[in-house]
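Below you'll find the structure, written out as structure tokens, and then a few comments.
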Amino acid sequence: MTQRVICREGALGELASVVAETGARSVFLVTGRTSYAASGAEARLSATLAGLSVTRFCDFEENPKIENVVAGIDAFRRADPDVVIAVGGGTAMDLAKIINNLAAREHDAVDYIEGREAIEPGGRPLIAIPTTAGSGSQATPFSVVYLDRTKCSAGHPSMLPDVAIVDPALLKSLPSHVAAASGLDALCQGIESYWSIHATEQSREKAREAIALAWASLATFVNQPGDASRLAMARAAHLAGEAISITRTTAPHAISYPITAHYGVAHGHAVGLLLPSILVYNAGVTDSDCLHPDGPGHVRRILEELATLLGAQKPSQAARLFGSLMDEIGLTRDFPALGIRAQADIDTIVENGFNPQRVNNNPRRLTAEALRKMLATLLERQNQI
């Protein structure tokens, strides 16, 4: 499916013509509770939505649960809209995608999310408008839903939004901690896509540009934001989303989900906590644990390219620079401060951090033993500070 992408300052001004092209008279509007107004989107969309029948759905959690999906499907069916507009961060866009598709299905939503029933094409035209520069959800055909603290990912090519309107002006009121965590997510997605075993020339080109933009602009975007850094991060997030649409994410994302679900760490922050260690771990790939079809030599070359993109000469140096960036944008790497303090916490992360879809995309096989050792080393190091 081909997506129409409008990414520039003032892009939101195109919404009226995009909606008019659909001939819509009714809209199902999925937004964050507070970000819709805080980002300026509500004020700027008021004229476009005037005269249309609008049903707004915003009663959901930051990490969406199956109950939120079911409630959204019920609201969608009552509204019977002509078009869906999602305005917000990754959660709003993920929910809009899955609700739009599953509202047309006959089985319970949980059956599709858990894979007992196959997701099929369907849904109304969907316009996605991000108010963060991070998840890139407007550029992917997947949705994340939590079932009892377990992250599930459902997707189908038809769930890709028909139109993505990416306007950096909507990032002007973004709180610095949200800018940091969401921006780090975009950077991590670019890096993971680049080393994924499913990477292609097309995905690497997108990931390479996303990494370069985010690496050069993230600190400024968080600490001294301006028009240039906002546009750079908006583009980086969208490109990273396009890249993971091809490759999916890998080990750092898999490990991040229990850190978010059990310790309340923002998603992008949680991904960044383990990425430097996984970067070094992947650099140690051998014939016996390489999952990449092109072999360990290819993996090492890819990681050297990544190190160069991050201004380093080798992966270990790149890992240190990545950690320094987290410090610069105010995302703590102190596990005890985040509630990860003891062996029981390590067990929780290990026992819940092995989503096969993500771990097996990693170029080096990650075992429970290797992850446990990695986490213990990080925790021990911090306890000694």
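Considering each residue of segment 233-284, count those that are β-branched (Val, Ile, Thr), closer than 20 Å to Gln202 by Cβ and out of contact with any Asp or Glu (no Cβ under 9 Å at 6 or more places or on another chain), and give that number. Spell out the reasoning first.
Looking only at segment 233-284, we keep the residues that are β-branched (Val, Ile, Thr), and these are 244, 246-247, 249-250, 255, 259-260, 265, 271, 278, 280.
Okay, now just the ones that are also closer than 20 Å to Gln202 by Cβ, so 244, 246-247, 249-250.
If we keep only those that are out of contact with any Asp or Glu (no Cβ under 9 Å at 6 or more places or on another chain) too, we end up with 246.
Residues flagged as β-branched (Val, Ile, Thr), closer than 20 Å to Gln202 by Cβ and out of contact with any Asp or Glu (no Cβ under 9 Å at 6 or more places or on another chain) within segment 233-284 amount to 1.
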task = Please work out which residue is farthest from the chain's Cα centre (by Cα), limiting yourself to segment 179-224 and to residues that are in a loop (DSSP other than H, G, I, E, B) and crowded, with 20+ Cβ neighbours inside 10 Å.
result = Ala199
query = Among (1) among the hydrophobic types (A, V, I, L, M, F, W, C); (2) under 30 Å from Pro296 (Cα atoms); (3) touching a Ser or Thr at 6+ places or on another chain (Cβ under 9 Å); (4) surrounded by 24 or more Cβ atoms within 10 Å (Cβ to Cβ), which single condition is Ala283 missing?
reply = (4)
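Against the condition under 30 Å from His292 (Cα atoms), part of a helix (DSSP H, G or I) and in the same structural domain as Glu351 (by TED's automatic domain parsing), how does Ser256 come out, does it pass?
On the way: under 30 Å from His292 (Cα atoms): yes; part of a helix (DSSP H, G or I): yes; in the same structural domain as Glu351 (by TED's automatic domain parsing): yes.
Yes: the conditions hold for Ser256.
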ask   = Across segment 339-352, which residue is modelled with the lowest pLDDT among those that are more than 15 Å from Ala270 (Cβ to Cβ) and exposed (fewer than 14 other Cβ atoms within 10 Å of the Cβ)?
value = Glu351
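Give me the helices (runs of 4 or more DSSP H) completely within segment 64-169, filtered to those with at least 3 residues that are of a type outside the set (Lys, Arg), closer than 29 Å to Ser217 by Cβ and modelled with pLDDT of 95 or more, ordered by residue number.
Numbers: elements: 66-79, 90-102, 109-113.
Ranges flagged: 90-102.
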key: Residue in segment 323-338 that is surrounded by fewer than 17 Cβ atoms within 10 Å (Cβ to Cβ), touching a strand residue (DSSP E or B) at 6+ places or on another chain (Cβ under 7 Å) and either charged (D, E, K, R) or assigned to a helix (DSSP H, G or I) (or both) present   = no
query = Looking only at segment 53-72, which residues are more than 18 Å from Ile165 (Cβ to Cβ), surrounded by fewer than 22 Cβ atoms within 10 Å (Cβ to Cβ) and β-branched (Val, Ile, Thr)?
reply = Thr55, Ile66, Val70
ask   = Can you tell me which residues in segment 12-44 are of a type outside the set (A, V, I, L, M, F, W, C) and either assigned by TED's automatic domain parsing to the domain that holds Arg230 or not in a loop (DSSP other than H, G, I, E, B) (or both)?
value = Gly13, Glu14, Ser17, Glu21, Thr22, Ser26, Thr31, Ser35, Tyr36, Glu42, Arg44
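The values are calculated or read from the model by the stated rules, or taken from the named source; none is laboratory data. What you are looking at is a predicted structure, and each value in this text was computed from that prediction instead of being measured. FYI the Cβ positions are ideal-geometry reconstructions off the backbone, even for glycines, and counts take in every protein chain you see.
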